[in-house]
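Student: Before we start, here is the structure in question, set down as structure tokens.
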Amino acid sequence: MQITQNAPRFSMHKFYSDVRDNSVSLAFQGIMSQEVLSLIALALRRRPDNEVLAKRLFGIVVELAQNIYHYSHSKSYSEKDKRDIGVGVITIGETANHYVVNSGNIIKAHEADHITKRCDFINTLDKEGLKEFQKQVRKEPQRPDRPGANIGLIELARRSSNTLGYNINAIDAETSFLTLSIKIDK
Amino acid sequence: MVPMDNLHIHHTDYTPEIVFDADSGILRIEGESYHEQSMVFYQPIISWLREYLSQTDRTVEVHFNISYFNTLTSRRFIEMLELLESYDEKHKGRAKIFWHYNSSDVDMLESGKEFANETYLAFDFVPA
């Protein structure tokens, strides 16, 4: 028997199944504020048992969240910060052998090409190559019109010791949805 | 010349404690550093350091004791190290860096070594 009384458009059941099937233990959608990051830090500190791994995992969450904070095309005004802050979604899940951190946010369609090229290039580099590339970019002056350090994607590849997973889906002529998927060996 | 005031900033969940003691020349940065706008937090600290190094000639010790920092912070650390390097060149070895890390934290040791490789400054690695 199906009971539908004031049925919401959001299916809690589907959400439950999705997060359960992917062992998602943490999901957040909204403004990627400093306070949200601090809460995630608290949650992660209790697990996994391996302290270095827990910190790498947190480092991955921070860089993904800060990409959203600075670069998400969808922004929302934060009363506390008195400014617009990027909106997006972050999940932390796991498989038998990996932790998987995913981030999703809206980007401008024309940014897709740059992001794709950057990820593809980073994915060709080995451990030493990533280290050298990060060192080189970190020495360049911070781009004046961009608030980020421009080394977040390299850091993600280094901390995770895996290639960067990404997917870009067109929403309409102006915007696309960017998913970054970072896995780290347990 | 007006003597410099000490600089003391209390830590938060995402910014480190800053204790810069002008008289002793011992400057400590301790805690977590992942401010989403690192410039907002570090600008006054870097300004203090620049001003201090322009008026003193004593030995300056900088103690980094950081448990986690983000990539934006690493850019600010590079800027501080550049200021200290110029000071060290001018005053013949009067700037020393102490990189404190938890002995089980291989990543933090590696990060320190990477900073050390980018400067001529003397780095001491201090496990805890």
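A short reminder: the numbers here are calculations on the coordinates, not readings from a lab. What you see is a predicted model; the values in this text were computed from it and never measured. Here Cβ is always computed from backbone atoms with ideal geometry, including for glycine, and neighbour counts include all displayed protein chains.
Student: With +1 on each Lys and Arg Cβ and -1 on each Asp and Glu Cβ, and nothing else charged, work out how big the dipole of the stretch A:51-186 is about its Cα centre, in Debye to the nearest 20.
Tutor: Details: 20 positive and 18 negative charges, 89 e Å.
It works out to roughly 420 debye.
Student: Kindly flag which residue pairs out of A:Lys131/B:Lys113; A:Lys135/B:Lys113; A:Lys131/A:Lys186; A:Lys55/A:Lys117; A:Lys80/A:Lys108; A:Lys55/B:Lys96 have an alpha-carbon separation exceeding 18 Å in this structure.
Tutor: As for pairs spanning more than 18 Å Cα to Cα, those are A:Lys131/A:Lys186; A:Lys55/A:Lys117; A:Lys80/A:Lys108; A:Lys55/B:Lys96.
Student: With Cβ to Cβ distances under 15 Å as the rule, what net charge do the other residues near B:Arg58 carry (K, R +1; D, E -1)? All intermediate terms of the calculation are to be shown ahead of the outcome.
Tutor: Details: positive: B:Lys90, B:Lys92, B:Arg94, B:Lys96; negative: B:Asp21, B:Asp23, B:Glu51, B:Asp57, B:Glu61, B:Asp88.
Neighbour charge sum, excluding B:Arg58 itself: -2.
Student: Now, a different point. What value, in deg cm²/dmol to 500, does the helix sum -39500 (n - 2.57) over DSSP H runs of n ≥ 4 give at 222 nm once divided by the residues of chain B?
Tutor: Per the formula, -13000 deg cm²/dmol.
Student: Given 0.36 nm per residue, what is the gain on full extension from A:Asp81 to A:Ala27 after removing their alpha carbon distance, in nm?
Tutor: Taking 0.36 nm per residue and subtracting the Cα distance, the gain is 17.2 nm.
Student: Separate question: How large is the dipole of the stretch B:7-127 about the Cα centre if only Lys and Arg carry +1 and Asp and Glu carry -1, each at its Cβ, rounded to the nearest 20 debye?
Tutor: Charge dipole, the stretch B:7-127, about its Cα centre: 340 debye, nearest 20.
Student: Which of rounded, prolate, oblate describes the stretch A:27-186, given a ≥ b ≥ c as roots of the alpha-carbon gyration tensor eigenvalues and a/c under 1.5 marking rounded, otherwise prolate only if a/b is larger than b/c?
Tutor: Because its axes are fairly even, with a/c under 1.5, the stretch A:27-186 counts as rounded.
Student: State, to one decimal in nm, how far the label point of A:Phe15 lies from the label point of A:Val52, with both points 7 Å from Cα in the Cβ direction.
Tutor: With each label point 7 Å from Cα toward Cβ, the separation is 3.8 nm.
Student: Oh, and also: Please report the relative contact order for chain A, taking Cα pairs under 8 Å with a sequence separation of at least 6, and give it as a percent rounded to a whole number. Don't skip to the answer; put the middle values down first.
Tutor: Numbers: 278 pairs, mean separation 41.8, N = 186.
RCO, chain A: 22 percent.
Student: A further question follows. Fewest first, what order do B:Leu7, A:Leu39, B:Leu72 take by the number of other Cβ atoms within 10 Å?
Tutor: Least to most surrounded, the residues fall as A:Leu39, B:Leu7, B:Leu72.
Student: Would you mind getting me the FRET efficiency between B:His8 and A:His114? Use the beta-carbon distance for r and R0 = 45 Å, nearest 0.05.
Tutor: Details: r = 42 Å, r/R0 = 0.94.
Computed FRET efficiency for B:His8 and A:His114: 0.60.
Student: On to the next question. So for the stretch B:7-127, averaging the separation of alpha carbon pairs under 8 Å that are six or more residues apart and normalising by length, what relative contact order in percent results?
Tutor: Computed over the stretch B:7-127, the figure is 22 percent.
Student: Shape call for the stretch B:7-127 from the C-alpha gyration tensor, a ≥ b ≥ c root eigenvalues: rounded (a/c under 1.5), prolate (a/b greater than b/c) or oblate?
Tutor: Note, shape of the stretch B:7-127 comes out oblate.
Student: Tell me which DSSP H helices of chain A clear both cut-offs, 15 Å or more of axial length from alpha-carbon atoms and a mean Kyte-Doolittle hydropathy of at least 0.0.
Tutor: Helices meeting the span and hydropathy rule in chain A are A:34-45, A:51-71.
Student: Next question. Taking the Cα centre as origin and putting +1 on Lys and Arg beta-carbons and -1 on Asp and Glu beta-carbons, what dipole magnitude results for the protein assembly as shown, to the nearest 20 debye?
Tutor: Around 580 debye, computed over the protein assembly as shown.
Student: What is the calculated FRET efficiency for B:Ile46 to A:Ala170, with r their C-beta to C-beta distance and R₀ = 45 Å, to the nearest 0.05?
Tutor: After rounding, the FRET efficiency stands at 0.60.
Student: Along the principal axes of its C-alpha atoms, what lengths does the protein assembly as shown span, in descending order and rounded to whole Å?
Tutor: Sorted from largest, the Cα extents of the protein assembly as shown read 82, 41, 39 Å.
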